[in-house]
Amino acid sequence: MISKTSAGLADAVSDIRDGSTVMIGGFGRAGQPVELIDALIAQGATDLTVINNNAGNGDTGIAALIGAGRVRKVICSFPRQTDSYIFDAKYRAGEIELELVPQGNLAERIRAAGAGIGGFYTPTGVGTLVAEGKETRTIDGREYLLELPLRADVALISAFKADRWGNLVYRKTARNFGPLMAAAAATTIVQVDEVVELGDLDPETVVTPGIFVDRVVPLGERPWLAAGEFVGAEKVA
Amino acid sequence: MISKTSAGLADAVSDIRDGSTVMIGGFGRAGQPVELIDALIAQGATDLTVINNNAGNGDTGIAALIGAGRVRKVICSFPRQTDSYIFDAKYRAGEIELELVPQGNLAERIRAAGAGIGGFYTPTGVGTLVAEGKETRTIDGREYLLELPLRADVALISAFKADRWGNLVYRKTARNFGPLMAAAAATTIVQVDEVVELGDLDPETVVTPGIFVDRVVPLGERPWLAAGEFVGAEKVA
Amino acid sequence: MTGIDRDTLAARIARDIPEGAVVNLGIGAPTLIANYLPDDLEIILHTENGMLGMGPAPAPGRIDPDLINAGKQPVTELPGAAYFHHADSFGMMRGGHLDVCVLGAFQVSERGDLANWHTGAPDAIPAVGGAMDLAIGAKDVYVMTDLLTRDGTSKLVAECSYPLTGVGCVSRIYTDRAVFDVTPDGLAVSDVFGDTTLDELRELTGLTLTDQRPEAATPLATRHFSPENGAGRAEIDGSRGGNTP
Amino acid sequence: MTGIDRDTLAARIARDIPEGAVVNLGIGAPTLIANYLPDDLEIILHTENGMLGMGPAPAPGRIDPDLINAGKQPVTELPGAAYFHHADSFGMMRGGHLDVCVLGAFQVSERGDLANWHTGAPDAIPAVGGAMDLAIGAKDVYVMTDLLTRDGTSKLVAECSYPLTGVGCVSRIYTDRAVFDVTPDGLAVSDVFGDTTLDELRELTGLTLTDQRPEAATPLATRHFSPENGAGRAEIDGSRGGNTP
């Protein structure tokens, strides 16, 4: 019997090595796998390259990982936010490297890695600073940049529900980078509210097929849900 | 109020012009929009380039369109099937042009057109006949071919249900090329079993968002379904 | 009165968005436009973090942390909404499927180059987000901005001095003083607000501006997206194809 | 007995597929393998027309025209199945996510080149389908074939004379006479069937073959996919990455 359910958070992240490239799902706080990140902090791996849309919010999750000094480099589209003070301080102190990638190119580069595409031509960024050092090419009268795939050793993502084969469904805009990162990492680790019985997820509505998922950690329902239905919260987590 | 529901099949295809490139959804007969194709045959447009995985089955649908002499060129991965005798005869008579594209490259080229990608490097076909005349490039130690987007003037596809904004869900393996073609054509025309009330499709499960859809034609439930549930059929349609 | 305030400008832009249009409103001032879209018209809002059919902010106590917009503010979903992942969302933009995108700007050149992500200040932490994708991500890219910076210099320029977001991507510029269309011959004024005059605009911007106001000789450029037709009757030759108008 | 029949070969291949593997069985003889996968092991079948978790043929009268495999035959769905579109399906293959793919062959070279789509005959209508994607579309690409053609020539060759499907893509060849692993030093025999001998295989193929049968000096190459571990415990350094073993 296939079961991708992990014994727990610590077990799920136990073999992440120093120097790994780690994709972390989420857009801001929505879909950010904070509990897996906390487990990674406790596990101790360091010298990490983190791929996420942002560079942490407040002092939890990715921000805490950066604050703990575990991150050598961030690859993201938008590090500077109102609450990115931990990254900001490290960056100004020259203690962290930044590779800035426009958001759509970031998503497409991750998608390319998962889909076995060796590189692609994108119109985004042509004629701008992000084009510096990149090959350009005119195709059918339009100018494009060559962008290469972004792979990772590990992806940490957050989904809504899983089954024991690792099939995933997400909730609303917390889906964001999850399905892309799941396919682009050698090992994909997912935190979910619940692992349901095999067959309980409608095959028409599975967003990430289990083939992309290695380990699943169920964490229980979040406080703003009741029996899977939204009941309301006071603020964006 | 937005309503993409067409007055009928004839109205939906009325402005397709001679010389158009027409993507037609389906893999074999699954998802092939036979009623829209029949309407196109009746409408009379000719000198068409058809993009589909195959080149028609039996004497209906794409095969009938080819048989009626309306197709100048087929772009597909697998023309030769046990029941592709109409295409076979035209091809051997030199009356139809064929561009053969491996199935994954075909899908990805259509996806690239819809997603604004100017070209991409694929490992599929390297070192084979389909690589002839194509640029090759070694990236990160692996050899790739450059493939370019495949666009169309019109896509004719088949889905299961739509709403009046053109959001679509599909049924099982009839999904195949539909979501890709919907995004890659200037005008996308969809036949569905049913147009449901706006809000009746779960936003989490919409496969093709309405942004990709121009016209929807409801045809009523197919005989092997009852109230949307499968009740059985005797053969593959 | 020398011009109009930001809300009036938002309302003015909203008036130009036809029913059936799919629209992305950039972070900042452009989000105000949502408040002025008429209730009786269906206009579909896209947020690049993976949603079409975005609704207004939720009621207090109804904030769903999984449901936010690109500015990371809580939003709601309307009937007809759809969710998708980031690659699909940016494919929608890059593939030219959005009708209108409205962005803020530091500078816009008379050829439609946009600078809105980076002042180039040496101590600034660069952060581009979706700006470059948005800049090329709609059939029409509109800019909403004050004509002048706080220190009185024109944001409309012959050449952008700030780092570019996109090249030749802007089709129309809505400012507090006037509306400008980007044409092959430079900027054309299609509307002026308050007691602003063409000569004043020419002086403030230092640019050659042509007059395309309805009362002037040249008529307003015809819209290529007609609300009466509805998206369902779009003409086949390209109303959904390509990024350039 | 000079070898084994096709069903016995299918059963032999089935035995080598571990629990948890995601497998694509090519059109033709490889589809027989599904009949021999043990009921008590979960092995997930992929069909490139957009499904994981494919089940066996339906009962009479239960044929769903919307539910077919890559050979366009009716199939069923198992609990845990998922549907997806063609770009996602071929991304799965091209991205190296499938564990095993089993294909038929016209010819396989000793370097693992595969020819299985086109005889090169001048009157043939070329049709490649998903063959080239499948050829590179799994961590292990197995070939299932008779060793000899009907006219008695070897399908294992120094160089393919038919047009190639993929270059250096095959990792193992299961024939009616023996099992061959593709190694940097050419083909290695890991199992023989019936009264077949190594010398006989060398004579039939005209190839230098090394002996890697368990009883020989060199042990069987260790599997990189261990059923005991399960996919959930895959090692981090690449068990799901890349196409090459």
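A:T82 falls short on exactly one of the conditions (1) away from chain D (no Cβ under 14 Å); (2) in a loop (DSSP other than H, G, I, E, B); (3) modelled with pLDDT of 95 or more, and that condition is (3). Working carefully through the options D:D140, D:D133, D:D123, D:D99, find the one that is surrounded by fewer than 24 Cβ atoms within 10 Å (Cβ to Cβ) and either under 14 Å from the mean Cα position of the chain (by Cα) or hydroxyl-bearing (S, T, Y) (or both). Step by step, each of D:D140, D:D133, D:D123, D:D99 is checked, and only D:D140 is surrounded by fewer than 24 Cβ atoms within 10 Å (Cβ to Cβ) and either under 14 Å from the mean Cα position of the chain (by Cα) or hydroxyl-bearing (S, T, Y) (or both).
Out of curiosity, is B:P123 out of contact with any Cys (no Cβ under 8 Å at 6 or more places or on another chain), crowded, with 21+ Cβ neighbours inside 10 Å, free of Cβ contacts under 8 Å to residues at least 24 places away in the same chain and not hydroxyl-bearing (S, T, Y)? Yes, satisfied. Scanning the range A:91-103 for residues that are surrounded by 23 or more Cβ atoms within 10 Å (Cβ to Cβ), over 14 Å from the mean Cα position of the chain (by Cα) and not aliphatic (A, V, I, L, M) yields a single hit, A:P102. Of the set (1) within 14 Å of chain B (Cβ to nearest Cβ); (2) closer than 27 Å to A:T82 by Cα, all apply to C:P163 but (1). Note on the range D:1-36: among residues that are at pLDDT below 95 and within 14 Å of another protein chain (Cβ to nearest Cβ), the one that is surrounded by the fewest Cβ atoms within 10 Å (Cβ to Cβ) is D:G28.
Mind listing just one residue for me: the one in the range A:11-43 that is of a type in the set (G, A, S) and more than 17 Å from A:V74 (Cα to Cα) and, of those, farthest from the other protein chains (Cβ to nearest Cβ)? Ranking the qualifying residues of the range A:11-43, first place goes to A:A42. Residues that are assigned to a loop (DSSP other than H, G, I, E, B), in contact (Cβ under 8 Å) with a residue 40 or more places away in the chain and touching a strand residue (DSSP E or B) at 6+ places or on another chain (Cβ under 7 Å): does the range C:9-18 have at least one? Within the range C:9-18, one or more residues are assigned to a loop (DSSP other than H, G, I, E, B), in contact (Cβ under 8 Å) with a residue 40 or more places away in the chain and touching a strand residue (DSSP E or B) at 6+ places or on another chain (Cβ under 7 Å). Within the set B:I117, B:I51, B:I110, the sole residue that is under 14 Å from the mean Cα position of the chain (by Cα), crowded, with 21+ Cβ neighbours inside 10 Å and within 14 Å of chain C (Cβ to nearest Cβ) turns out to be B:I110.
Just checking, does the range D:169-180 include any residue being within 14 Å of chain B (Cβ to nearest Cβ) and either surrounded by fewer than 22 Cβ atoms within 10 Å (Cβ to Cβ) or assigned to a strand (DSSP E or B) (or both)? Scanning the range D:169-180, I find no residue that is within 14 Å of chain B (Cβ to nearest Cβ) and either surrounded by fewer than 22 Cβ atoms within 10 Å (Cβ to Cβ) or assigned to a strand (DSSP E or B) (or both), so the answer is no. Residue count for the range C:156-168 satisfying the condition of being surrounded by 23 or more Cβ atoms within 10 Å (Cβ to Cβ) and either of a type in the set (A, V, I, L, M, F, W, C) or in a loop (DSSP other than H, G, I, E, B) (or both): 3. Scanning the range B:185-200 for residues that are surrounded by 20 or more Cβ atoms within 10 Å (Cβ to Cβ) and in contact with a Phe, Trp or Tyr (Cβ under 9 Å, 6 or more places away or on another chain), we see that the one that is farthest from the other protein chains (Cβ to nearest Cβ) is B:V192.
Condition first: within 29 Å of B:P179 (Cβ to Cβ), polar (S, T, N, Q) and away from chain A (no Cβ under 14 Å). Can you find one or more residues in the range D:65-79 that meet it? Checked the range D:65-79: at least one residue is within 29 Å of B:P179 (Cβ to Cβ), polar (S, T, N, Q) and away from chain A (no Cβ under 14 Å).
Across the range A:125-144, a minimum of one residue is classified as in contact with an Asp or Glu (Cβ under 7 Å, 6 or more places away or on another chain), within 30 Å of B:R142 (Cα to Cα) and more than 8 Å from every other protein chain (Cβ to nearest Cβ). Condition first: in a loop (DSSP other than H, G, I, E, B) and at pLDDT below 95. Can you find one or more residues in the range A:45-54 that meet it? No, the conditions are met nowhere in the range A:45-54. Just for strands (runs of 3 or more DSSP E) wholly inside the range C:97-153: which have at least 3 residues that are within 13 Å of chain A (Cβ to nearest Cβ) and charged (D, E, K, R)? Passing ranges: none, list empty.
Count of the range B:205-227 residues, restricted to those that are within 11 Å of chain C (Cβ to nearest Cβ) and surrounded by fewer than 18 Cβ atoms within 10 Å (Cβ to Cβ), is 1. Where strands (runs of 3 or more DSSP E) fall entirely within the range B:92-190, those with at least 2 residues that are within 27 Å of D:A124 (Cα to Cα) are at B:97-100, B:142-147. On the stretch given as the range C:57-89, residues that are out of contact with any Pro (no Cβ under 9 Å at 6 or more places or on another chain), modelled with pLDDT under 95 and of a type outside the set (G, A, S) total 3. When the range B:156-177 is filtered for residues that are under 17 Å from B:L36 (Cα atoms) and facing chain D (nearest Cβ under 7 Å), the ones remaining, listed by number, are B:A174, B:R175, B:F177. Of the residues contained in the range B:64-74, one or more are found to be crowded, with 20+ Cβ neighbours inside 10 Å and assigned to a helix (DSSP H, G or I).
The values are calculated or read from the model by the stated rules, or taken from the named source; none is laboratory data. Not measured: the values here are computed from a predicted model. Methodologically, a virtual Cβ is constructed for each residue, glycine included, from the backbone with ideal geometry; neighbour enumeration extends over all protein chains shown.
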